Amino acid sequence: MTDLVRMTGIEKRFPGVHALKNVSFDLKSGEVHALMGENGAGKSTLMKVLSGIYPKDGGELAINGQAVELGGPRAAQDLGVGIIHQELSLMNDLTVAQNIFIGREPRLSFGRLDEAALNRQAQEIFASMNLALDPKTVVGELTIAKQQMVEIAKALSYKSRILIMDEPTAALNDAEIAELFAIIRRLKADGVGVIYISHKMDELKQISDRVTVMRDGAYVGTVAASDTPVSKIISMMVGREVISEAVVIPDLSDADVLLDVKDLNRGREIRDVSFSIKKGEILGFAGLMGAGRTEVARAIFGADPKDSGDIRVRGQLCSISSPSDAVKAGIGYLSEDRKHFGLATGMDVRNNVALASLDRFASKAGVLDDEAMRVTAVEYIDKLGIRTPSDTQEVRLLSGGNQQKVVIAKWLYRDCDILIFDEPTRGIDVGAKSEIYKLMKKLASEGRAIIVISSELPEVMRLSHRIAVMCEGRLTGILPGGDETTQEEIMHLATLRAPVMQPEGEPA
Amino acid sequence: MSLANTTSTPSFLARMVNTGAHQKLLAFASLILLLIGFSIASPNFMQTSNMIAILQATSVNGVLAVAATLVIITGGIDLSVGTLMTFCAVITGIVLTNFGMPLPIGIIAAIGTGALCGLCSGTFIAKMKIPPFIATLGMMLILKGLSLVISGTRPIYFNDTPGFDQISRGSLIGDVLPMLPIPNGVLILFLVALAASYVLGRTVLGRYTFALGSNEEAVRLSGVNTDRWKMAVYALAGAICGIAGLLIASRLNSAQPALGLGYELEAIAAVVIGGTSLSGGRGSVLGTIIGALIMAVLTNGLRVLSVAQEWQTVVTGAIIILAVYADMVRRKKA
Amino acid sequence: MSLANTTSTPSFLARMVNTGAHQKLLAFASLILLLIGFSIASPNFMQTSNMIAILQATSVNGVLAVAATLVIITGGIDLSVGTLMTFCAVITGIVLTNFGMPLPIGIIAAIGTGALCGLCSGTFIAKMKIPPFIATLGMMLILKGLSLVISGTRPIYFNDTPGFDQISRGSLIGDVLPMLPIPNGVLILFLVALAASYVLGRTVLGRYTFALGSNEEAVRLSGVNTDRWKMAVYALAGAICGIAGLLIASRLNSAQPALGLGYELEAIAAVVIGGTSLSGGRGSVLGTIIGALIMAVLTNGLRVLSVAQEWQTVVTGAIIILAVYADMVRRKKA
Amino acid sequence: QEVYIPMISKGFQHQFWQAVKAGADQAAKEFGVTITFEGPDNETMVDRQIDMLSAALAKNPTAIGFAALDSQAAIPLLRQAQEAGIPIVAFDSGVDSDIPVATASTDNIAAAALAADKMAELIGGSGQVAVVAHDQTSRTGIDRRDGFLNQIKEKYPDIEVVTVQYGGGDHLKSTEVTKAILTANPDLKGIFGTNEGSAIGVVNGVSEMGKSDLVVIGYDSGKAQKDAVRSGVMAGAITQNPVGIGYETVKAALDAANGKEVPAHIDTGFYYYDKSNIDDPKIAAVLYD
Ligand SMILES: Nc1ncnc2c1ncn2[C@@H]1O[C@H](COP(=O)(O)OP(=O)(O)OP(=O)(O)O)[C@@H](O)[C@H]1O
Ligand SMILES: Nc1ncnc2c1ncn2[C@@H]1O[C@H](COP(=O)(O)OP(=O)(O)OP(=O)(O)O)[C@@H](O)[C@H]1O
Ligand SMILES: [Mg+2]
Ligand SMILES: [Mg+2]
């Protein structure tokens, strides 16, 4: 087999960061080569060098055996390099099909667009992905998971020989991941080389042929995926073993109910959702993409208006019409979309950590104590292992996983009694993940109530004391956590569609 | 998983009306309400001649607002539309009156000058990375000064070019349908709007216009030469300002070199009232035209009602806020 | 995992100068270059009296630009700064001249009126979700009209309030240091800029100003009452316009009700030349002051050189573009 | 039927136009007619003025008073009015057409020439002077500037007009313009300000620069200008008779509508006033606050 890509001695520096130190990497035709490493290890940066977005500061890059200097993304595309970016880079105001074919629209004469062909071709790609998506939907209206699918479709449409996938499954759940893997296998069979970046360790064995590990911007090693235990790879990444502990379900029979949601409704997205959560409990929310979990969380938090429904905190009826009401009532919500809803990306780490709690740093006259903010930020940088040159670095310059940690830090510091985490570990590396799990468990044991929405079933199962499952806006059931519940049971509830004609008043 | 059903693409006109048809019809409602209100308040308002006066008053502003729409959809802004219009008018005046060229050359000169100046702004913005506000503010001042310089600070009259005033004042429609003496200026506005709508909705340039405003970086990362397309949008907007220059010169049968300042704000206001977002990525020419009509109806109606001038200003301000507010409320409901 | 290196927080003043100190110093370079250029071109330019005249000319515009800076950092825009200034001046005139109140009441009236009108704009924007451009355009027209209405379209003179003109024209510094007769207007600009810098850099309001411009939705989802803070920013900007109203009224020893239109564009230009981004989230008062100085030096210098008016406009436009371009190039290098 | 006469002016907010409006209002009251008075924000907005004229025509007026911003641009609409039998009276400036039945205006060129004579007299027939004008392109701006410049050129060869700069009639801008002129020309002996805003700007600029020996000649009146003349900061000023212009326009319009003969040209006159004659009843009558 020929080497599609050969990178040797790649160097890249940013102000204050030596992001790539003498990194080597190669890719063969027809293989899936996984690239692993902690948050901020330099994976995305290496891929951006390969796809012509960043110029490299040193080293050699050969594509199809030819040494090349890439002048820009177009040059890389022309050499057959396609990339799915870690951070979604879509045009929210355009439709799905228009996004996929941006720059390569089917044209008629005189620069006219062939919109019919555009939609048809997009539809063909979706069909090949087994994806139900109207090509004419405006991208901004899609959930983050669907947007991720659009990114994948876009990358596939290039029919690239070298396909880079930077955390394509971060926002996907098992069903979609299975579809994606089927696609990857087809591509492999066609001789496409795939570079696959993910923090989900279980995916490695399923899909990859070789694994390259990076740490702190440097190359650590390359191993065959089939005969290397995952624990070995993890220790290569983290430099130590990561133990995963099974969930221990505390006895909460005497605990007070902290949050009680009754008959929450909003349009077709949320239908009669009722549940309650006790002090010290971790309630997991499972469901397929678009099941309505995010919608429920946003409605409780006051981010979206609700049609009806009562929310009681500690038995007290709360009228929550805005997030500030929710925070006052002691509810915090970590959004699934950090870029749009979680971070003030132009501001620095320090301010983002303090964003929900500025009042705590202010004197009566409203003057801020910057020193106290710095101390706090540094404390969380340390606690969560946020990789940043300083607490005054703008968050947009951090790696994806480190940005996620900043959002988590913001809510940890706010210290709410009820915390809703929507996809909290999106893009977070294994080591940090288990740290975050530990933190959540600690928060719960301190008497808080935690809701975890996650598309990763193992995550839900490893954390939750109880598991709520949603399908099409309805809460289809609440299962006990721990070993008693199997993935199959959850999946059954997650696909439990409502009968077409649901009789009035029947419980969901 | 099921497959989405493929629907066929509707015809262009249907699409034009349909793109967020709901919204547009609702914005239309503010306009209709204004028309009804003024008709009730004054019997003189709803005359054919006054309706035509309103349309005529919209023509120049409307064309400028269409130009501004294109730029604003890319996420930029164009403060130079008014003075560019004047500059093009002056150039036409020189070509036709001082050089005695035939009319078609004058028309080409106006549109060409507009495109060229637009291209300049576009180059400043795309290549030199100057913020659109500054680049077009600079152009606005440069063109304002140059108009005065090349005209010798004097108006240029088109008395030697018979028929020049017919470009805007004549009425091809009126010649055929005498009851409907719609001036050509209005016809031209309509054609410009239709063409701009077509470009936006159906061509590659239009697609990139929206894409640039939506997420320029993503477009660039997709390998599109964003600089070139951005320059093209500004050049097209400039060419449209050239048409506005012809219209105003024809309406005044003269090129008034000092005119044009303040027109940019009115054009941008029409665009925003029409529902185009100043942050780019969304907008429509139809909305802009409705926005321009709202402004023109408001101004004319208050005058016909003989409202004192200082109160006209107050009421105009209040109604602009209310119209947009009503639109917001309706959109939320829709 | 590495730990971020902990740096200690420098003092406020050091911080003010240091926040992107590099950049600011470089923006300063354009200003210095202009000063040097004009000094060489005209021996009359570099006189103390002319330097003071330039500072004096900056004072009103500078204060307005500071107000605009706050709003622009939130990602908004304020087109009403000029007419609000006039409105506040007129209110002061009525309070002092028509009602014969003592001076302090007049000062409070101006600032209070400004804050109230700013709060109105803020409410339209935050509560009624009207785009800032439209809300403040509406306010601009409303205030323009109201100034004429309440003044009876006549200027109001402050002859009965002795010392009123000293607010801007007197020189407390000059009384102490006769060689440095810096007018109070300039001192006030300096104080306003310092206060606004402090608010932006050190207070909760300032932090939210930046945060709103950076990502409003994220701030809202952090449980912050974004509406209230946004209204506060507009109110503060309005109060600063009130100060500008006092300054201009004092300089003209009268409230001129027709003045004010066009000042908004100059203010915004100063802000953008000073490096504040119109898309919000970043900016500085120091930059704005430099921007306002660049504009004032340019205007004064060209007048001192007796450049013909039409060419003054052309050159101003070109230099604005060049100054910002030079800034861009330098920043990229830095 | 109600007699309605719209006045389409060149401006609105300026004190000069407000004085014209006051005269028109006075006539309206006296003759029992309804008037409206409108004008664009500044004197460059030729097309805006035409839109105003269109709206006025929609109201089926008895007659129209019109101060044209451009001598030709409005002719088609004026013709339309003529065809509808609506008489037009031009005021302030004429129109290149015989449609207006009368024109009530001031001879700005002669008035500015008078300002030049006074300036020459006061500075002793030689030295440097400057002009702070209000507008580069409007009729009044051009006439007053050129009236002054031509008179100086023709009659006073020892006087040099060093610069003409424009402050847009804005008090503050005119102040800054004046200061820049004074900086550039330390030997300047006099400045002519061509309208109220310009003249006040000159006075402000001169006083802010601490110059006391400068001859300032203004134009129009207004409280500040009258005060400046009284206190001697301003040597004197030209005044037109804006109240008279407004009054005569309405009167002529009404007469024309009633089929009476009206004089084709109504010269409302101009005067030079200074400390000595400012309280003269004839002068005081044409000054406004
Ligand atoms: N444009 C930039 N400017 C400054 N620093 C940057 C920039 N881009 C990346 N970095 C830094 O380079 C390092 C590597 O980042 P990179 O995004 O490659 O990490 P990653 O391995 O993809 O991490 P993750 O798993 O969190 O996505 C990080 O420390 C990051 O903060
Ligand atoms: N901004 C939006 N505009 C329109 N529809 C939306 C929007 N956000 C979500 N939806 C729709 O609401 C439904 C519920 O979506 P939601 O994001 O709550 O699902 P979820 O269970 O959180 O799944 P995911 O794993 O995708 O986050 C879906 O049908 C989705 O398409
Ligand atoms: Mg990454
Ligand atoms: Mg979700």
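A compact table of results
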quantity	calculated
Cα gyration tensor, segment C:41-333 - rounded (a/c under 1.5), prolate or oblate	oblate
Cα-based convex hull, segment A:380-481, per residue volume (Å³, whole number)	114
Backbone HN-Hα couplings from phi across segment C:213-220 [Karplus 6.51/-1.76/1.60, Hz, Gly and Pro as x]	x, 7, 6, 4, 5, 5, 5, 4
Reachable lysines from residue D:29, criterion Cα separation under 24 angstrom, eight or more residues apart if same chain	D:10, D:21, D:59, D:251, D:260, D:282
For chain C, built as a Gaussian network whose Cα springs stay under 10 Å, the top-fluctuating residue of C:110, C:195, C:53	C:195
Residues D:261, D:176, A:489 arranged by fewest to most Cβ contacts within 10 Å	D:261, A:489, D:176
Alpha-carbon radius of gyration plus Dmax, which is the widest Cα pair, for segment C:249-334 in Å	15.1, 48
Selected from C:130, A:393, B:247, residue furthest toward positive end of dipole (the protein assembly as shown; charges at beta carbon)	A:393
Label distances, nm, residue B:331 versus same residue in remaining copies, Cβ-directed 7 Å point	2.9
Residue among D:216, D:229, D:162 with the largest mean-square fluctuation in a Gaussian network model of chain D, springs linking Cα atoms under 10 Å	D:162
Test item: Cα-centred dipole of chain A, Lys/Arg +1 and Asp/Glu -1 on Cβ, debye	920
Estimated Rh, the protein assembly as shown: Kirkwood, alpha-carbon pairs, angstrom	34.9
Separation of alpha-carbon centers, segment B:130-207 and segment A:248-264, rounded to whole Å	69
Förster-model FRET efficiency, 35 Å R0, residue D:276 and residue D:22, C-beta, rounded to 0.05	0.85
Chain A: C-alpha pair distances exceeding 44 Å, %	15
Cut-off 12 Å (backbone N to label point 7 Å along Cα→Cβ of residue D:264), residues of segment D:87-118	D:97-103
Point-charge dipole on Cβ atoms (K/R +1, D/E -1) for segment B:247-334, about Cα centre, debye to 20	400
Inter-chain shielding of B:258-269 (mean C-beta neighbours from other protein chains, 10 Å cut-off)	5
Qualifying aspartates and glutamates (Cα of each under 20 Å from Cα of residue D:275; at least 8 residues distant if same chain)	D:117, D:121, D:196, D:213, D:220, D:227, D:289
Rounded if a/c under 1.5, otherwise prolate or oblate - segment A:3-238, Cα gyration tensor axes	prolate
Relative contact order of chain A, pairs being alpha-carbon contacts under 8 Å that are 6 or more residues apart, as %	16
Those lysines that a straight Cα-Cα span of less than 22 Å connects to residue B:129, excepting residues fewer than 8 apart in one chain	B:230, C:24, C:332, C:333
Cβ-vector label at 7 Å, residue B:98, separations to other copies in nm	5.1
Shielding of B:92-102 by partner chains, average beta-carbon count, 10 Å	0
Per-residue [θ]222 nm for chain A (sum of -39500 (n - 2.57) over DSSP H runs n ≥ 4, rounded to 500)	-9500 deg cm²/dmol
Percentage relative contact order, segment A:336-415, counting C-alpha pairs under 8 Å, at least six apart	43
Sorted by Cβ neighbour density within 10 Å, fewest at the top, the residues C:105, A:331, D:50	C:105, D:50, A:331
Virtual spin-label span in nm between residue A:372 and residue D:212, 7 Å along Cα→Cβ	5.9
Tilt relative to chain D, helix D:15-31 - C-alpha long axis, 0 to 90 degrees, to 10	30
Under-5 Å amide H pairs with residue A:278, H placed in peptide plane, nonlocal only	A:258
Residue order, fewest to most surrounding Cβ atoms within 10 angstrom, among D:276, C:214	D:276, C:214
Debye, to nearest 20: dipole size of the protein assembly as shown, +1 on Lys, Arg Cβ, -1 on Asp, Glu Cβ	1880
Other-chain or far-sequence residues with amide H under 5 Å of residue D:65's (modelled H)	D:7, D:8, D:89
Contour minus Cα-Cα distance for residue D:231 and residue D:30 (0.36 nm per residue)	68.7 nm
Neighbour count of at most 11 Cβ within 10 Å plus DSSP loop: longest trypsin sites (Lys or Arg not before Pro)-free window in chain A	A:1-239
Chain D: most fluctuating residue of D:58, D:24, D:180 per GNM, C-alpha cutoff 10 Å	D:58
Alpha carbon centroid spacing (whole Å) that separates segment D:224-251 from segment D:110-152	17
Estimated FRET transfer efficiency (residue A:438, residue A:226; beta-carbon r; R0 51 Å; 0.05)	0.95
Rounded, prolate or oblate (a/c below 1.5 giving rounded, otherwise prolate when a/b exceeds b/c) for segment B:176-308 by Cα gyration tensor	prolate
Furthest towards positive pole of dipole, A:407, A:323, A:434, structure part chain A, Cβ charges	A:407
Per-copy distances of the residue B:43 label point, shortest first, in nm (7 angstrom along Cα→Cβ)	7.6
Segment B:41-333, relative contact order in percent, only Cα pairs under 8 angstrom and at least six apart counted	35
Segment A:282-335 and segment B:283-316: distance between their alpha carbon centers, rounded to Å	44
For segment A:1-66, diffusion coefficient by Stokes-Einstein and Kirkwood Rh (Cα), 20 °C, 1.002 mPa s, µm²/s	174
Furthest towards positive pole of dipole, C:97, C:321, C:46, structure part chain C, Cβ charges	C:321
Förster-model FRET efficiency, 60 Å R0, residue A:28 and residue B:159, C-beta, rounded to 0.05	0.15
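Each value in this text was obtained by applying a stated rule to the coordinates, not by laboratory testing. Computed from a predicted model, the values in this text were never measured in an experiment. Cβ: placed from backbone, ideal geometry, glycine included. Neighbour counts: every protein chain shown.
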